[in-house]
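Asker: Pasting a structure here, questions to come.
The values are calculated or read from the model by the stated rules, or taken from the named source; none is laboratory data. A quick note: this is a predicted structure, and the numbers were derived from the prediction, not measured. For neighbour counting, all protein chains shown are included, and Cβ atoms are generated from backbone atoms with ideal geometry for every residue, glycine included. The accessibility values were calculated without ligands, DNA or RNA, using every heavy atom of the protein model including side chains. Shrake-Rupley method; radii C 1.70, N 1.55, O 1.52, S 1.80 Å.
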Amino acid sequence: MEKRLSRHLSKLVLVPSAMLVFIAIYLFIAWTAWISVSSSRVMPVYDFVGLEQFVRLWSTPRWIIAVQNITIFTSLFLILTIFLGLLIAILLDQRIRAEGLLRGIYLYPMALSFIVTGTAWKWIMNPGLGIQKVVRDLGWASFTFDWIADPRFAIYTVVIAAVWQSTGFTMAIFLAGLRGIDGSIIKAAQIDGASLPHIYAKVILPMLRPALLSVVVLLSHIAIKSFDLVLALTGGGPGSATELPSTFMFSASFRRNQLGVGAASAIMMLMTIAATLVPYLYREFRSERDA
Amino acid sequence: MPRIRFDRVFIYGSLIFIAAIYLMPLWVMIATSIKDLDEIYAGSFVALPKSITFEPWAKAWATACVGTECAGLRGYFLNSILMCLPAVAISTLIGSINGYALTKWRFRGSKLLFGLMMFGCFLPLQSVLLPIAFTVGRLGLAGTIWSLILVHSVYGIAFTTLFFRNYFITIPDELVRAAIIDGAGFFRIYWSVILPTSTPIIVVSCIWQFTSIWNDFLFGVSLTSGQNAPMTVALNNIVNVTMGRKQYNVDMAAAMIAGLPTLLVYVVAGRYFVRGLTAGAVKG
Amino acid sequence: MATLSIDKVRKTFGAVTVLHDISLDVGDGEFLVLLGPSGCGKSTLLNMIAGLEEISGGEIRIDGKRINERHAKERDIAMVFQSYALYPTMSVRRNIEFGMRVRKVPKREREDAVKRVADLLQIAQLLERKPSQLSGGQRQRVAMGRALVRDPKLFLFDEPLSNLDAKLRVDMRTEIKKLYHRLRTTVVYVTHDQIEAMTMATKVAVMKDGYIQQFADPTTVYETPETLYVARFVGSPAMNIIPATLTASGRVDINPGGIAISGVKLSATAITTFAGKRVLLGVRPENIEKTNGSHNTFDVQIDVVEPTGPDTLAFFRLGETDAVARLQPRSVETGGQARLTIDASKAILFDPKTDLRIK
């Protein structure tokens, strides 16, 4: 029966992709996991040494710095982008002329490679020739902004550049969320006598919770994967001041001949992302099924 | 939405101020890239160029040093194009058929399959990078553009399937049923009924894929080197490896060259770019 | 032109049975309406006839031949969907001839067929337009054109009028009926609107939860509903269902109020079985009239009056429940008193335990 043929065809057509996905994602993850419990150094060795590589990983100071950095980075990144993105979205929602143009301006950084962003901001925050010099030239002779060269503050420069790049994204999502709110709810609140800031706080923002959730999940996974930006902006330095798990993994695996440790760090990254993601995806699919 | 009783001036003022901050880096890149090197070292980085020169651009394109080669970005630009076009086409094509099969010919487990595929969008590439490198080596593609084309196509499928699936799910099933009664089969329906209505999402998919593949660095730096590297890797090399006096103007020109294609796409078709961004994000 | 036999057809989705042993026989040229609320299984049954759903059990025969295994395109059927399902990127002409193109019908034949159908439905001037440029009624006709051009044995309609506004719905209903009379092709029509069913069908199958409650011509379904469900579903305003008691003499007593109704058509067996028991008296609003007489009458106070134009609906309390009567315009007032009578010959009784009509 030809309808059966079509039905079979549809499954057939998905087989290559399904296989590719299975191999490229799940098999490869398993592979990485095996290496992380093997004694691999320069080349992969398929033995089993338990959690030795993980122990080694967690006793490496550089890794500890990386974990500290990623925590600082991710939290600041999330807080700032969400706050700014929400603020801009609310401002834009006030029936602004040239809204399209402004939106375009806030979003264009997302079209750029992180390398380009890193390069530009590296120049801007250059102590001798960037912001520090400009402000000093304006008269404020003791102004210092050499964070990028200061091991204590370098990580914050990464935050600045990343926030600049990604705030447009949160803005877009919050704006879409705001636009999706039924105007009659607002009117009902106004009839009830609430003032506009009050309405924002008590009625509108709570309704943005799904958007907020999306943003947190998507941004955290972008943050945890940060690699290009750091490399271009600070190169991981000064020293290892801006080392992140991604840069650590890269150098361990491809430069320092420590495949096992590199794989272990990759598995750590995976587990962190899975922890935030799996509950989110599961809920999304549940609600779609019930809907 | 009702108006906040703020001063309109405050709102516009804030927005314009923020816009200025956003545009500043772009301005700085452009301005620096057309300045004379002495002027850069002497003057302020936000100031207008006193005299305009396009020499930095010429240098960046043809003579800047990437590693030991000093032939500018031109070759790497080409590499990126060679890498992007096939990968965009392949991932978009496969994604569209996947989205079609998953939504219009549902079967038990199609939702699960889609979920498993979707995970690919969130995958931290570090967790599969090592196996990718080994596999690419085994396939004899190590260090070539082909490795990048392969890798970007495969991992792009997760995104493109997501786009097309979310789009096709809004097409009424009755359309497919009518076509079945008319006697059309799986591919005929795809070709005559579904594809003609897909133009918007095809554009979204292509723009999104082009942007992420062009801007990729991780795969580029892990799987290729030297002559075969894409733009982003070359740019990083130019900027981070300097001998002698740092030529900031050339650096910025190089960054501009690297960023212009995606920026141009964004300016021309930004609307579709936004649709791609929010495609998977806002659900209710 | 074909007969349709649905023989003990069953449909299951996993563990859930959606259609239970459906059996219907439709003669050549009949207009069958599957009537019921959402979820009763009518669309599923239609899709099974069309070949869009698998048949879990039983047999469907067109012109005596079993078609369970046949692909939709080989069943010689055509279907009009609720949302018309017109191919949005194709012109009207392309929409209509798509099926022919798939079958590789030569161009000349295609053009003739399209012209024939376009003239019949008066859409010839729309042939080069796209569906988005058409009004609701025009899209309807294009959808019908696409179906007509297949010259089918069986015409299937899946709630085609639900998406139209009230006035358009009435117009299109008449058009479909005219077309039907002209072509005399067998039709299976699915709807939840009982007016459509009553006005268009030659046979009605009232469905509920995957079962057929009654299968008969519209008049029979209207005047002698077999179940309480059918009685309530068909007819607007709905039939009055009044709790009462049957006496040994065949008289129906309604209390409180001491109202006695005699003359309800009942068999002797029915009277013996139900004497002294509670029954439900079914009376249609148009069978309650204002009167000055004394047979089968009762005096009520009118609670609400709804003038509809051609009549006036009067709402009042009858026994334990609220009832409505369809009266002459301006014959009663809100709050006023009225003497009403029931035409017992048109009334029926239901068994409260089984919801079935007492025969």
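Asker: Hey, got the dipole for the protein assembly as shown? About the Cα centre, +1 on K and R Cβ, -1 on D and E Cβ, debye to the nearest 20?
Answerer: Dipole magnitude for the protein assembly as shown comes out near 1080 debye.
Asker: Something else about it: Please list 3J(HN,Hα) in residue order for the range C:39-56, calculated via the Karplus relation 6.51 cos²θ - 1.76 cosθ + 1.60 where θ = phi - 60°; whole Hz, with x for glycine and proline.
Answerer: Result, ordered by residue: x, 7, x, 5, 5, 4, 4, 4, 4, 6, 5, 6, x, 8, 10, 6, 9, 6 Hz.
Asker: Give the accessible area for B:L150 in Å² (nearest 10); use a 1.4 Å probe, count only protein heavy atoms, and leave out ligands, DNA and RNA.
Answerer: Here the accessible area works out near 70 Å².
Asker: Just how far, in whole angstrom, is the range B:133-166 from the range C:175-201 if you go by their alpha carbon centroids?
Answerer: Measuring centre to centre over Cα atoms gives 57 Å.
Asker: DSSP beta bridges in chain C, what fraction antiparallel, as a percent rounded to 5?
Answerer: 75
Asker: Determine the shielding of peptide A:80-89 by partner chains: average, over its residues, the number of Cβ atoms on other chains within 10 angstrom of each Cβ.
Answerer: Neighbouring Cβ atoms belonging to other protein chains average 1 per residue here.
Asker: Can I ask one more? Excluding ligands, DNA and RNA, what is the solvent-accessible area per residue of chain A at a probe of 1.4 Å, expressed in Å²?
Answerer: With the other protein chains kept in place, chain A gives 43 Å² per residue.
Asker: Take C:V206, C:V16 and sort them by solvent-accessible surface of the protein heavy atoms, 1.4 Å probe, largest at the top.
Answerer: Descending order: C:V16, C:V206.
Asker: Which residues in the range C:80-106 place their backbone N less than 20 Å from a point set 7 Å from the Cα of B:T170 along the Cα-to-Cβ direction?
Answerer: It comes to C:83-90, nothing else.
Asker: Students often check this: by mean Cβ neighbours within 10 Å, which of C:262-274, A:220-232, B:114-126 ranks highest, and how do the rest follow?
Answerer: A:220-232, B:114-126, C:262-274
Asker: In peptide B:16-26, what is the residue-averaged number of other protein chain Cβ atoms found within 10 Å of each Cβ?
Answerer: Values: counts 3, 0, 9, 7, 1, 3, 10, 4, 3, 12, 6.
For this peptide, the per-residue mean of nearby foreign Cβ atoms is 5.
Asker: Between A:V42 and C:K130, what's the calculated FRET efficiency when r is the beta-carbon distance and R0 is 51 Å? Round to 0.05.
Answerer: FRET efficiency, A:V42 to C:K130: 0.20.
Asker: Still on this model: So what is the accessible area of chain B per residue, in Å², with the probe set to 1.4 Å?
Answerer: Value for chain B: 40 Å² per residue.
Asker: Sticking with this structure for a sec: How large a share of the accessible area of the protein assembly as shown, in percent, is made up of carbon and sulfur atoms when the probe is 1.4 Å and the other protein chains stay in place?
Answerer: C and S fraction of accessible area: 60 percent.
Asker: For a quick check of understanding: with a 1.4 angstrom probe and all protein chains in place, what accessible area in square angstrom does C:K65 have, to the nearest ten?
Answerer: Rounded to the nearest 10, that gives 110 Å².
Asker: In whole Å, how far is the Cα centre of the range C:55-123 from that of the range C:259-297?
Answerer: Here the answer is 52 Å between Cα centres.
Asker: State, in square angstrom and to the nearest 100, the accessible area buried between chains A and C, both chains counted, probe radius 1.4 Å.
Answerer: Summed over both sides, the interface buries about 500 Å².
Asker: Hey, can you list the residues from the range A:216-259 whose accessible area shrinks by 20 Å² or more with all protein chains present, relative to the chain by itself (probe 1.4 Å, no ligands or nucleic acids)?
Answerer: For the range A:216-259, once contacts with the other chains are taken into account, A:L218, A:H221, A:K225, A:F227, A:D228, A:L231, A:M249, A:F250, A:F254, A:L259 lose 20 Å² or more.
Asker: Which value, in Å² rounded to 10, gives the accessible area of B:R275 with a 1.4 Å probe and all protein chains present?
Answerer: Here the accessible area works out near 110 Å².
Asker: Let me ask something additional. Counting only other chains, and only Cβ atoms inside 10 Å, what mean value do you get across the residues of A:120-127?
Answerer: Values: counts 12, 2, 5, 12, 7, 0, 3, 0.
Taking the mean over all residues of the peptide, I get 5.
Asker: When the helices in the protein assembly as shown are scored as -39500 (n - 2.57) per DSSP H run of 4 or longer and the sum is shared across all residues, what 222 nm value do you end up with, to the nearest 500 deg cm²/dmol?
Answerer: -17000 deg cm²/dmol
Asker: Interface size between chain C and chain B, please: total buried accessible area, 1.4 Å probe, rounded to the nearest 100 Å². It would help to have the intermediate numbers written out before the result.
Answerer: Working: alone 16900 and 16600 Å², together 31800 Å².
Approximately 1700 Å² gets buried when C meets B.
Asker: Continuing with the same structure: Going down the list C:K11/C:K177; C:K65/C:K203; B:K111/C:K153; B:K104/C:K65, which pairs span over 26 Å between their C-alpha atoms?
Answerer: Values: C:K11/C:K177 31 Å; C:K65/C:K203 22 Å; B:K111/C:K153 38 Å; B:K104/C:K65 30 Å.
Cα-Cα > 26 Å for C:K11/C:K177; B:K111/C:K153; B:K104/C:K65; rest within.
Asker: Cysteines without a disulfide-compatible partner in chain B, using Cβ under 4.7 Å as the rule?
Answerer: B:C84, B:C121, B:C206
Asker: Projected onto the charge dipole of the protein assembly as shown (+1 at Lys/Arg Cβ, -1 at Asp/Glu Cβ, origin at the Cα centre), which of C:T321, A:L229, B:A258 gives the Cα projection farthest towards the positive end?
Answerer: The listed residue farthest towards the positive side: B:A258.
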